[in-house]
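This report concerns only the one structure given below.
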Amino acid sequence: PAEGGEPGDPNAEYLELTNCGAEALNLSFVQFTKGVRFTFPTVPLLPQAFCLVVKDPVAFEARHGPGLPVVGRYEGSLSDGGEELELRDAAGAVIHHFTYRDDWFRSTDGLGHSLTVRYPATTPAGSWGLPATWRPSVAPGGSPGTADSGTIPEAGAVIVNEVLASPVAGASDWIELYNTTSRSLDLGGWFL
């Protein structure tokens, strides 16, 4: 979460799993064993559905609202600088084992955007520890329990084109942004 007060309460942290397959998965005894600790109860994860494990259900709900698919509370905390995570199946085999870093993107380093896997259904397991596998969430706080849809312009797609910082008397300062792409871009939530 964003640093500095609400909504930056570290107790609002979460991890989200999604089922990219065509069949329901039984998560019984699947567990996070590194980074945080959590063993899943008997819970089916339907195709294309999401489930969440959270640090503190009360803080999470206060930040993100009620009714989200929270299946439990994990032990431990996610490091603000990055974390090694490991997810194992009920037999103990590794499903995912990777390390992420929050400073891969400016907006995920204390500004409140979550790290989101770009292509969860097709990313090879060995690539999850690479920055190119991830992107910042579209909105601050992420989109827990739902697909993080929307378009995030690539770096350099929008540039500062002109600045008037010292206008003549009676005129206003201004900054001009230029869209270098051929498509419309949503700048909602952007700031200077």
If you go through segment 88-127 one residue at a time, how many are hydrophobic (A, V, I, L, M, F, W, C), within 17 Å of the chain's Cα centre (by Cα) and not in a loop (DSSP other than H, G, I, E, B)?
-> 4
Could you tell me which numbered condition residue 66 fails, if it satisfies all but one of (1) closer than 20 Å to residue 40 by Cβ; (2) part of a loop (DSSP other than H, G, I, E, B); (3) open to solvent by 30 Å² or more (accessible area, probe 1.4 Å)?
-> (1)
The one condition residue 18 fails out of (1) in contact (Cβ under 8 Å) with a residue 12 or more places away in the chain; (2) polar (S, T, N, Q); (3) over 17 Å from residue 137 (Cα atoms) is (3)
Residue that is nearest to residue 10 (Cα to Cα), among those in segment 76-89 that are open to solvent by 20 Å² or more (accessible area, probe 1.4 Å) and at pLDDT 95 or above = 84
Filtered residues of segment 44-63 (kept if in a helix (DSSP H, G or I) and either over 15 Å from residue 11 (Cβ atoms) or open to solvent by 50 Å² or more (accessible area, probe 1.4 Å) (or both)) = 57, 58, 61, 62, 63
Select, from 101, 73, the only residue that is open to solvent by 50 Å² or more (accessible area, probe 1.4 Å), more than 30 Å from residue 192 (Cβ to Cβ), touching a residue at least 12 places away in the same chain (Cβ under 8 Å) and of a type in the set (Lys, Arg).
-> 73
Applying the selection to segment 1-43, what residues are at pLDDT below 90, outside any loop (DSSP other than H, G, I, E, B) and under 15 Å from the mean Cα position of the chain (by Cα)?
-> 10, 12
Applying the selection to segment 158-186, what residues are modelled with pLDDT under 85, touching a strand residue (DSSP E or B) at 6+ places or on another chain (Cβ under 7 Å) and part of a loop (DSSP other than H, G, I, E, B)?
-> 180, 185
Identify the single condition in (1) open to solvent by 40 Å² or more (accessible area, probe 1.4 Å); (2) free of Cβ contacts under 8 Å to residues at least 60 places away in the same chain; (3) farther than 22 Å from residue 12 by Cβ that residue 120 does not satisfy, given that it satisfies every other one.
-> (2)
Does residue 182 satisfy the condition of being among the hydroxyl-bearing types (Ser, Thr, Tyr) and surrounded by 15 or more Cβ atoms within 10 Å (Cβ to Cβ)?
-> no
Looking at (1) modelled with pLDDT of 85 or more; (2) surrounded by 14 or more Cβ atoms within 10 Å (Cβ to Cβ), find the lone condition where residue 95 falls short.
-> (2)
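The values are calculated or read from the model by the stated rules, or taken from the named source; none is laboratory data. Note that the structure is predicted; figures quoted are calculated from it, not measured. Don't worry about glycine lacking a Cβ; one is built from the backbone with ideal geometry, like all the others, and counts go over all protein chains shown. With ligands, DNA and RNA removed, areas are computed over all heavy atoms of the protein, side chains included. Shrake-Rupley method; radii C 1.70, N 1.55, O 1.52, S 1.80 Å.
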